[in-house]
Amino acid sequence: MPWIVGYPRDKVSWYPIIDSEKCLKDKCAICMNCGQKVFEWTKDGPKVVNPNSCVVGCTTCGNLCRGTAISFPDKKELRLLYAKEKIWDKVHEQLEKDGKLKIVNHEEAAVPAQT
Ligand code: SF4
Ligand code: SF4
C-alpha cells in the first residue's frame, strides 16, 4: 500500500467504526460504495469485515455517512506513527523511485510538433 510503503498494515490502527444506533441503513448504504471490500451488508446493515483493507487516512465513507454513524481511530496517533516510523520519508522516496514526482512542463507539451 503506497500510503504506508512496506510498513505492516496490521500495525496501523485505521479503519471505520460503525455506531449501529445511528446508522440509517433503510435510507442510506452509501458506505457500500467503498471499493476496498471493507464492509459487508447484513440484515442489520453494514458490518466492517476487512478493517485492514481500509485505505490509511481515508475518511470518505464517514464524511458521506447519512447518519454520521462512522468514526475512525485518533488521527493524532496516526500522525505520531508516521513521524516515529519515518513513513512520510519512505513514501517520498518511493514516489521519487516510481517517477511520480517528476515535474510536468505543460507549456512544452502544448507546443505543436514542427513539420
Ligand atoms: S453510510 Fe452510515 S448511515 Fe449509511 S449505511 Fe453506512 S453506516 Fe449506515
Ligand atoms: S475510509 Fe475510505 S477506504 Fe476506508 S472504508 Fe471508508 S471509504 Fe473505504
## Note on the structure
Length-normalised contact order of the chain, Cα under 8 Å, at least 6 apart, in percent, tallies to 31
### Query
What distance in nm separates the simple spin-label points at Glu108 and Lys27, each placed 7 Å from Cα in the Cβ direction?
5.6
### Task
Name the lysines eligible as straight-distance cross-link partners of Lys11: C-alpha to C-alpha under 18 Å, and not fewer than 8 places from it in the same chain.
Lys75, Lys76, Lys84, Lys86, Lys90
### Task
Check the cysteines of the chain one by one and keep only those with no other cysteine Cβ under 4.7 Å from their own.
Cys23, Cys28, Cys34, Cys54, Cys58, Cys65
### Query
Okay, which of the stretch 1-20 sit inside 18 Å, backbone N to the point 7 Å along the Cα-Cβ direction of Lys97?
1-9
### Query
Just in the stretch 12-42: which trypsin sites (Lys or Arg not before Pro) are loop by DSSP and have at most 15 other Cβ atoms within 10 Å?
Lys22, Lys27, Lys37
### Message
How tilted is helix 75-84 with respect to the longest principal axis of the chain? Cα atoms for both, answer in degrees (0 to 90, nearest 10).
### Response
40
#### Entry: Under 20 Å from the Cα of Lys47 - aspartates and glutamates, other chains or at least 8 residues apart
Asp10, Asp19, Glu21, Asp26
### Task
Quickly work out the Glu85-to-Asn50 label distance, labels modelled 7 Å from Cα along the C-beta direction, and quote it in nm with one decimal.
2.0
### Summary
the chain: spread of alpha-carbon positions along the three principal axes, whole Å, largest first, is 65, 40, 20
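Bear in mind these aren't lab numbers, they're just calculated from the coordinates by the rules spelled out. Computed from a predicted structure; not experimentally measured. Positions of Cβ are generated from backbone atoms using ideal geometry, with glycine treated the same way; all protein chains shown enter the neighbour counts.
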